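Colleague: Just dropping this structure here.
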Amino acid sequence: MPVDPSAVATWANLVTIARMFIAPVMFLVIPDDGRGSWLAVTVWFFLCASDGIDGFLARRHGSTTFGAFVDPLADKFLVLVAMMTLIDIEVFWWLPVAIIFARELAMSLYRVAVGAKGISVPASKVAKVKTLTQQFSVAFAVAPLTVIDATWLWKGLLWLSVVLAIISFGQYMWRAHRHNEVERMVHAS
C-alpha cells in the first residue's frame, strides 16, 4: 500500500533518520594514526548501504516530501562527519572539504527556502554520482590497503567529487533560474 506523500513515519524515513544518528560512530572507528581500519571500512559500508535501503523502501512504498528533504541531508551529514574526521587526523586536506561543505550548506539552505513554498528538490543524477564519489573517497581513505599506498585514488575521487559538487549545484541553480523565468512569463501574460 503506497504511503501518503505528506507522511513522516515511514520505513524509508526511519532508515534515513537512523543513518543520521549512527553517522557519528565514524568519529570513533577511524583511527587517529591515519593508517586506516577494517572496522571503519565496515561501518562506512553499512552506513552508505543504508542509503540504498531507504531509497529502495521509498521506491517500493512511495516517497514522501519529508523523505525527499531529509535523505539528501543525511547523505551530507554522513559524508561530512567522515570528511571532518579525516581532516582532523590529517588524511584529507581541508580545502576540498571546505568547498564541498559550502556547496552542501548552500544547497540545504536552498532546499529549506523552496521547501517553505511547497517545492521539493530531489537529488539529481549528477548529485547522486557526487555522493557516491564522496563515499568511495572516504572508503579508500579509511581502508588500510589504500590509505597510504594509493593516495592518488582517494585524493582523485575527492577532487572529482568537488567538481561534481560544483556542477550539480550549478545545475540546480540553472533549473531554479529557468523555473523563475517561466513563472515570470506566465504571470506577465
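The values are calculated or read from the model by the stated rules, or taken from the named source; none is laboratory data. Here the structure is a predicted model, which means the values were calculated and not measured. Neighbour counts are summed over all protein chains in view; Cβ atoms, including those assigned to glycine, are modelled from backbone coordinates with ideal geometry.
Colleague: Being assigned to a helix (DSSP H, G or I), modelled with pLDDT under 85 and of a type in the set (Val, Ile, Thr): is that true of residue 43 here?
Modeller: When the stated conditions are applied, residue 43 does not pass them.
Colleague: Which one of the conditions (1) without any contact (Cβ under 8 Å) to a residue 24 or more places away in the chain; (2) more than 13 Å from the chain's Cα centre (by Cα) does residue 49 fail to meet, given that it meets all the rest?
Modeller: So residue 49 meets the others, but not (2).
Colleague: If you don't mind, there's one more thing I want to ask. Please find, within segment 81-92, the residue that is surrounded by the fewest Cβ atoms within 10 Å (Cβ to Cβ) out of those that are hydrophobic (A, V, I, L, M, F, W, C) and either within 16 Å of residue 49 (Cα to Cα) or touching a helix residue (DSSP H, G or I) at 6+ places or on another chain (Cβ under 6 Å) (or both).
Modeller: 87
Colleague: Among the residues of segment 121-152 satisfying the criterion of being farther than 29 Å from residue 42 by Cβ and touching a Pro at 6+ places or on another chain (Cβ under 9 Å), which is modelled with the lowest pLDDT?
Modeller: Ranking the candidates gives 122 first.
Colleague: Could you grab the pairs with beta carbons closer than 7 Å, sequence gap of 6+ or different chains, first residue in segment 151-168 and farther than 16 Å from residue 34 by Cβ, second one among the small types (Gly, Ala, Ser) and part of a helix (DSSP H, G or I)?
Modeller: As it stands, the answer is 157/137; 161/137; 168/127, since those pairs meet every condition given.
Colleague: Quick check, is residue 82 over 12 Å from the mean Cα position of the chain (by Cα), touching a residue at least 24 places away in the same chain (Cβ under 8 Å) and in a helix (DSSP H, G or I)?
Modeller: Values: over 12 Å from the mean Cα position of the chain (by Cα): no; touching a residue at least 24 places away in the same chain (Cβ under 8 Å): yes; in a helix (DSSP H, G or I): yes.
No; evaluated as a whole, the condition is false for this residue.
Colleague: Ok, one more. Could you tell me whether residue 128 is assigned to a loop (DSSP other than H, G, I, E, B), without any contact (Cβ under 8 Å) to a residue 24 or more places away in the chain and not hydrophobic (A, V, I, L, M, F, W, C)?
Modeller: For residue 128, the condition - assigned to a loop (DSSP other than H, G, I, E, B), without any contact (Cβ under 8 Å) to a residue 24 or more places away in the chain and not hydrophobic (A, V, I, L, M, F, W, C) - is not met.
For every residue, the table says whether it meets (1) surrounded by fewer than 14 Cβ atoms within 10 Å (Cβ to Cβ); (2) at pLDDT 90 or above; (3) within 14 Å of the chain's Cα centre (by Cα).
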residue: 1; (1), (2), (3): yes, no, no
residue: 7; (1), (2), (3): no, no, no
residue: 70; (1), (2), (3): no, no, yes
residue: 114; (1), (2), (3): no, no, no
